[in-house]
1. Using only Cα atoms, what Kirkwood radius does the stretch 49-100 have, in angstroms?
2. Give me the one-decimal nm value for the distance between modelled label points at Ile5 and Trp39, 7 Å along each residue's Cα-to-Cβ direction.
3. Quantify, in whole percent, the carbon and sulfur part of the accessible surface of the chain (1.4 Å probe; protein heavy atoms only).
4. Size of the chain along its principal axes in angstrom, Cα-based, largest extent first?
5. For every helix of n ≥ 4 consecutive DSSP H residues, a contribution of -39,500 (n - 2.57) applies; sum these over the chain, divide by its total residues, and give [θ] at 222 nm rounded to the nearest 500 deg cm²/dmol.
Amino acid sequence: MRKDISFHLDWLRACAASAVFIGHFAYIGTNFFNSNQVWAAQRVGVIFFFVLSGYIIRSITKERSPSLQKYAEDRLARILSVYLPALALTLICDLLGRSL
């Protein structure tokens with residue numbers, strides 16, 4: 001993917017994430033926004049963000065991981081690099097909580 005296209009897609013994803021953020025902000029009880037319009041914008045923002053993310057991920061994996069096996073190996077490495085430390089931290093916090 002070209003850098004200029006990637007930049008614009010990232011900018012659009014930031015706008016979509018901002019719509020979701022504003023929706024969450026409106027949800028916590030502020031009366032500044034019309035909740036029905038914000039709810040609709042938030043739903044569109046979530047959908048737009050995930051569609052764009054899927055497109056970006058697919059284009060990147062197509063360039064870097066041309067085979068299914070290579071993609072699966074890369075994906076598993078990315079998931080495990082976050083999952084295992086999170087699991088260890090959860091177990092440590094649980095043991096500390098039980099001891100208190």
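The values are calculated or read from the model by the stated rules, or taken from the named source; none is laboratory data. Keep in mind that what you see is a predicted model, and the values were worked out from it rather than measured. For neighbour counting, all protein chains shown are included, and Cβ atoms are generated from backbone atoms with ideal geometry for every residue, glycine included. For the accessible areas, the whole protein counts, side chains as well, though only heavy atoms, and no ligand, DNA or RNA atoms are used. Shrake-Rupley method; radii C 1.70, N 1.55, O 1.52, S 1.80 Å.
1. Kirkwood hydrodynamic radius for the stretch 49-100: 13.4 Å.
2. In this crude spin-label approximation the distance works out to 3.8 nm.
3. Result for the chain: 69 percent of the exposed heavy-atom area is carbon or sulfur.
4. Projected onto its principal axes, the Cα set of the chain covers 53, 46, 19 Å.
5. Value at 222 nm, helices only: -31500 deg cm²/dmol.
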